Structure formats: structure tokens, C-alpha cells
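The values are calculated or read from the model by the stated rules, or taken from the named source; none is laboratory data. Bear in mind that the values here come from a model prediction, so they are computed numbers and not experimental data. Cβ coordinates were reconstructed from backbone atoms using ideal geometry, including for glycine residues, and neighbour counts include every protein chain displayed.
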Amino acid sequence: MSDFTRRDVIKTTIGAAAVGAGGGLLLPRQAMAQQAPNLPIEKGATLRLLRWSQFVQGDIDTWTANTKKFTEKTGVEVRIDREAWPDIAPKASVAANVGSGPDIILDFFDVPHLFADKLVDLTDIATYIGNKYGGWFPVCERYAKQGNQWIALPLGAAGACMVYRKSHVEAAGFKEFPKDMDGFLQLCKALHAKGTPAGFALGNAVGDGSWTYWLIWAFGGKIVDDNNKVVINSPETIKALEYAKELYPTFAPGTLGWLDPNNNKAFLDGQISLTNNGISVYYAAKNSQDPKIKAMADDIYHANFPIGPVGRPTELHLFSQAYVFKYSKYPNAAKAYLQFMWEKEQYEPWQEASIGYITHPLKDYENNKVWSSDPKSLPYRDTVKNMLWHGYSGTLGPASAAALNDYIVNNMVAQAASGSKTPKEAAEEAEKRLLRIYKS
Amino acid sequence: MTADANISTRVDNREGMQYLETIPHRLVTLWIPLLIFLFVLLFPFYWMALTTFKPNSELLNYSDFNPLWVVEPTLANIKKLLFDTQYPRWLLTTMVVAVAATFLSLFCSVLAAYAIARLRFKGSETVGLLIFLAYLVPPSILFIPLATMIFEMGLYDSMWALILTYPTFLIPFSTWLLIGYFKTLPFELEECALIDGASRFQILTKIILPLSLPGLISAGIFAFTLSWNEFIYALAFISSSENKTVPVGVLTELVEGDVYHWGSLMAGALFGSLPVAILYSFFVDYYVSSLTGAVKE
């Protein structure tokens, strides 16, 4: 006690008082954060929303029904236009450049970062929704925030999981789906030996090619570091590519040219027993009119991606978010609409109708009954929680978008896996391509 | 009968180099290449037609069903296309846009090509070259500035947005094609008309255009086909489902995430390609003659 001076006593007392006062101040602040932002809707407001075409019919039906509820409540008419999901980005670019078009766009990945200065600040509604529903998963802030400002509102991700035939996996000697990379490789080898191989897209597949990111990240490789310095050509990446080289001979023939639909077709055709995919394969089988494919549904199971030497999940999924353009005449109406659609009363029925195709971005929504009504969908529940952003571990923006759109990681893995280049050569080429992008 | 007698009675009716036309020779130089061409050109249509009538069970199962044949044909894919989507509307829109853009482009191209080919003004050759170079500017670069104009003119999300922008790539090509065609027409015809007192406009409408029918049809078919298949402008400038064209519409409605409704997609592609195929078949003679030259001097 001899070291405890009078000055220390004063400091401690002031500190304790400050904490007490702060605590008192914090409580009402939190309560206030759950109060909906004041968004006086502009007179005569109408909105146009451009969103991706439905993945499942229930999605668009419920989205439209929720929108109708919003119109009945506020009087704001909302027109919904749809495009195939890879075609949203060019339309968004046109709208951003010409300063006219839809008020709200529902898009994928980091597109809003390409024209962040042209977007309405959504911090108030994002903060309100986040506080009300247990907070956003970490990756959401990466995708939706620029600095401290929310430029978009995360909707969730069309998550991918390992989709497998349980009977085939068991026949290959595995009672459970492996949770680590060694076990996964052994499983693929055993499946191949049994004549029921795995198949993963190695072509320029937008969604299903994301397993290549998982592979690189699982071994500690990444395209750039925290300061956006290109670090793809690393021992970790080489290790991942050597793994890919060992994995590739276990695949069904033709995976080098596979795009997004190929693995679905091969799986339902019985050519492969294991792939990565959204929940669509399972539901296509479950709802099939063909008794043979329908019977397959009972044998289809899902698992999260195995965890690599880095010791934590390293997944990448099709992340979707909404943003509002500044040129909109009715920004408050647009924000009110988004807020309404993200509220539990609307979001959960919509997610349920989407049969788990879209995984929520908010922690409280993991109790949605869509995850418990069919236990097979459960692994998809955690896909947003488990995912990293595609520009990991750098920032998102034009460079990360270009790297993704140029399929640099996909191509690097394909080259190394197929043996057209050694792992070292493939990593060097990827490095050159990334340097061109990140330097410009 | 001796062997010599046989030889002497054999009549050889072959003329010129016909003695070279043996069966193996014709097989190698004619029939095999022809069959390969036919296969390459017709197989996509066969595949489209086959997939259109295949039920999903056969579409996915190559182990139990022959991929090149359909065992239990179905009309379900066509029903889905025609009744569950706005395909008839998209087809109509595509037709209207393609026809209007083609006529507009041909009108402008005829005037431009005639001026460049016949009016001997300074720099006409350079102008002709520049027009062709304009064709080389890709639509993926042009669509953003064009979008600004479309929005400013209030044409966004209407058929006019396409009718007025398609000529940006149709006119340069058609003009270049017609310049070449007009150049093959003899000058003397026009000179005679001039002596008889015809104006330039009368020469164009009463002499040049009737003689250029194969060239016009050829340019028209090209323009129509390019308009019919165009994607990027139709995607960028049209928003509402009812105003979409076939190439954009089918992708929006028949691709759900990574689930492709192949049967209906192929039905859409098949029906979409029929008008172009019919057009070609009607005008194929003109088309060929336009490529082999105009009036012989």
C-alpha cells in the first residue's frame, strides 16, 4: 500500500466516478440506438428497386408480399425490377455514372465500394438494425462500411457448403464428414478409388469457384496483406497449391472447364458424390419429379468447409447488400423501405421462403426456424459467420473487385492443380496479375 | 472375247479434267468436308431442339439415357417458356426493335454509302475508312456515354432507347458494305440518267437502289441479326421485365442462381433463332449474289 499515493487515490476515484457516470449515460444511449431513426417520408415518394432474379420462387413471392405491406403502411409504391445476378453490376455502373436509374440496388460483393461517393449514408438504419438484432457478423462491416460510414446494408450471403452423398462417404470409410484438410484429402482419394469421385469447379465460376479462396486462406495464403501489398506468392500459398495438385486427380473429369451450373448437373446425374454448392442441389433433388433423383435427396447431406492449418473457418460466399443512390429523390423513403424489409417480421418469413438459400447477416436471426425445420440445412446457417471478404486481408475497392472479376485465384489454383504450371509458377503469375491491378 | 477387244469397246464420255473426278476424290474434296460443315452448323440447332423436348430426368441422366436422343418427349419446357414467362412479349419487343433499327440503319447507310461512293468530294475515302473504324469501337465502351444520352433524352426503359442506339454499330457496318456494293455498279448508268435530266435523288431511288437490292438485303440481314442478338445495350437501357428483349429476358427469368432451366432456355433460344433462320432462307439467293458482286460491267 506504501506505493499507493494520494494522487493515485484521486485518479482512481475520478476514474470510478467516470465509469459510473458513463454507465449511466451508456444505458439510455443503447436504448436510443434501438429507436428507429426518424425518416420523414417525402411527399409523393415512389421507389424503384433493382434486385437479382430470385434463386427460388419463394424468395421473390415473399419479397413482393413484404413490399406490398410496406406500400400499405406508408403509401409508397415500390417497383421491383429483376436481372440475372451477374448482370446487376453493369447496370449499377451505368446508374452511378449517369446519375439516374433505380433508387435502390440489391447487388453482390463490393460493388458499392466502386462508387461509394454516390451512395446515401445508411449508418443510421444499419446501426439501428444491428443494435436491435444482436449485431452484424464481422464480415458485414467489411463489405458495407467505408471508413465509419455504412454505404450499404448487408442482406446476407448465398452460402455454399460441402454437399455430399452420405452413403458414398460412408462406403469410402468415413462415418462423418472430415473437419480438417488432411481428412478431406483422404476422403476425396477414397471416393475416387470407389468410383464415386468429388468434383469442384475450376473454371471461371463466379459462385462455385469460391472454394479456391477457401483453399488458399485455409493454408494462410492471401492475395494482399492489411496494407494492400500483394503477398500471394508466399510459402503458404505454395503449400495450398501443392495440396490442390494432390487433390485434383481425385476429381471427376472435366472440372477445369466447369462453371456454376456444371457441378449441380454432375451431382444430380450421379457423376460426383461431393461438391461445394448452395442449398439448390438438395432442393432440386427434393422437388424433382423424377423418382430416382427424388430418392437421392434422402442421401444428400451438407457440411461446412474443413478448417485448414490457420485453425479457423476461411470461407467465401456470394455476399449481397443493398444500397441507395444519392440521385434518388426519395432517400428517406428508400431508407424506410430497407429498414422495414430488414425487420424481423419481414426478414425471417422471407428467409424461410427462400428455404435457407440466403444466410442472415444478423446474429439474432440464427434462431429462424428455417434452420431447424430441416436439419440438413443447418450448416448453411453459419456461412456468413464463417466467411472472410474476397479482398482479405486488405481493403475492398476497385482493386479487389478487379481481382475477383479476373478470376486470379481461381486460375492460379486451376493451373497448379492441373499441372499446366508448377505451384511456384502459378503463384508467380497470379502475383504479376495482382501487381498490375493493385498498382494501378 | 479377248482383253484387247474389251478395251477397244469401252466408251469414255469424260470431258476435260473429269477423269480426275473419282469417287475417293469426290469423297475427300466434297462429301466429307460438306458433312463436317453440316455437322458443325446444324448440331447446335439439333441440340437446342433436343433439349427443348427433353424432360429433366433425361436431361440430367446420361447413364440411363442417350444424350443424343429423347425417349419421352415433353412440352413442359415450352409451356413454361410461353406461359410462365413473358416470352411472347419479349419476342414482339425484339422483333419491333430489330425491324425498326434495321430500317433506320439502312436508310442512313444508303445515303452515306452513296455519298461516299459516288459524290467525288475531297476526303471521301478517308470518311469511308473512318466510318468503318467506328464499327470497331466495342459496345462495352460505348454503352456508358450512350446511357447518359438516353437518360437525358428520357428514353430509358423504352424500346426507343434500343431503336436509336443500335444504329451506332449497324450504320458503320452497313455503310461499309454498301459502299463496296455501290462501287461495283457501272458509272455509265448514272451518267446516262444525268444526261436524261435525272437528279441525284432520282438516280439513287430509280436506278441505284433497284440494282442494289441484293446488297440492301445482305446489309439488312446483317443488321437484323446483330440487333436480334444484341445483349449489352438491351441489358443496360431496359429495366422493366415487359420491355426486355429475348436474350436478356430469358436469362433473367430462366436462370435462378446456379439452377439453369435448360429445357426452357433452349426452347427460348430455338424460337428466338427461328425468325433469323427463316429470314436467311427467304433471301439466301440475294445474299449470295451480293457477296459475289453486282451488275457485271
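A few points about this structure:
- Which listed residue is in contact with a strand residue (DSSP E or B) (Cβ under 8 Å, 6 or more places away or on another chain), within 22 Å of residue A:200 (Cα to Cα), more than 14 Å from every other protein chain (Cβ to nearest Cβ) and not acidic (Asp, Glu), from A:261, A:313, A:331: A:313
- Helices (runs of 4 or more DSSP H) contained entirely in region B:209-277, each with at least 1 residues that are within 13 Å of chain A (Cβ to nearest Cβ) and in contact with a helix residue (DSSP H, G or I) (Cβ under 6 Å, 6 or more places away or on another chain): B:232-237, B:246-254
- Given (1) in a strand (DSSP E or B); (2) hydroxyl-bearing (Ser, Thr, Tyr); (3) at the interface with another protein chain (Cβ under 10 Å from one of its Cβ atoms), index of the condition residue A:288 fails: (1)
- Only one of the numbered conditions (1) of a type in the set (Phe, Trp, Tyr); (2) surrounded by fewer than 24 Cβ atoms within 10 Å (Cβ to Cβ); (3) more than 16 Å from residue A:277 (Cβ to Cβ) is violated by residue A:217, and that is (2).
- Considering only residues in region A:43-62 that are more than 14 Å from chain B (Cβ to nearest Cβ) and in contact with a helix residue (DSSP H, G or I) (Cβ under 6 Å, 6 or more places away or on another chain), the one that is surrounded by the most Cβ atoms within 10 Å (Cβ to Cβ) turns out to be A:45.
- Within region A:375-387, residues that are among the small types (Gly, Ala, Ser) have Cβ atoms under 7 Å from residues that are in a helix (DSSP H, G or I) in these pairs: A:377/A:370; A:377/A:371, counting only partners at least 6 apart in sequence or on another chain.
- Test result for residue B:73, within 25 Å of residue B:50 (Cα to Cα), of a type outside the set (A, V, I, L, M, F, W, C), assigned to a helix (DSSP H, G or I) and without any contact (Cβ under 8 Å) to a residue 40 or more places away in the chain: no
- Matching residues in region A:159-180 - criterion: being in a loop (DSSP other than H, G, I, E, B) and either of a type in the set (Val, Ile, Thr) or buried (at least 16 other Cβ atoms within 10 Å of the Cβ) (or both): A:159, A:160, A:172, A:174, A:177, A:178
Here is a yes/no grid of residues against (1) closer than 30 Å to residue A:279 by Cα; (2) of a type in the set (Val, Ile, Thr); (3) in a loop (DSSP other than H, G, I, E, B); (4) at pLDDT 95 or above:
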position: A:7; (1), (2), (3), (4): no, no, no, no
position: A:11; (1), (2), (3), (4): no, no, no, no
position: A:14; (1), (2), (3), (4): no, yes, no, no
position: A:59; (1), (2), (3), (4): yes, no, no, no
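- In region A:195-222, the residue that is farthest from residue A:386 (Cα to Cα) out of those that are under 17 Å from the mean Cα position of the chain (by Cα) and either acidic (Asp, Glu) or within 14 Å of chain B (Cβ to nearest Cβ) (or both) is A:205.
- Of the residues making up region A:316-327, those that are more than 14 Å from chain B (Cβ to nearest Cβ), crowded, with 18+ Cβ neighbours inside 10 Å and of a type outside the set (Phe, Trp, Tyr) are A:316, A:321, A:322, A:324.
- Yes/no for residue B:281 being at pLDDT below 85, part of a helix (DSSP H, G or I), farther than 30 Å from residue A:206 by Cα and in contact with a Gly (Cβ under 6 Å, 6 or more places away or on another chain): no
- Selection from region A:63-83 of residues that are crowded, with 19+ Cβ neighbours inside 10 Å and either within 11 Å of another protein chain (Cβ to nearest Cβ) or farther than 21 Å from residue B:252 by Cα (or both): A:66, A:70, A:76, A:81, A:82, A:83
- Per the conditions (1) in contact with a Phe, Trp or Tyr (Cβ under 8 Å, 6 or more places away or on another chain); (2) closer than 27 Å to residue A:354 by Cβ, the sole criterion not satisfied by residue A:45 is (2).
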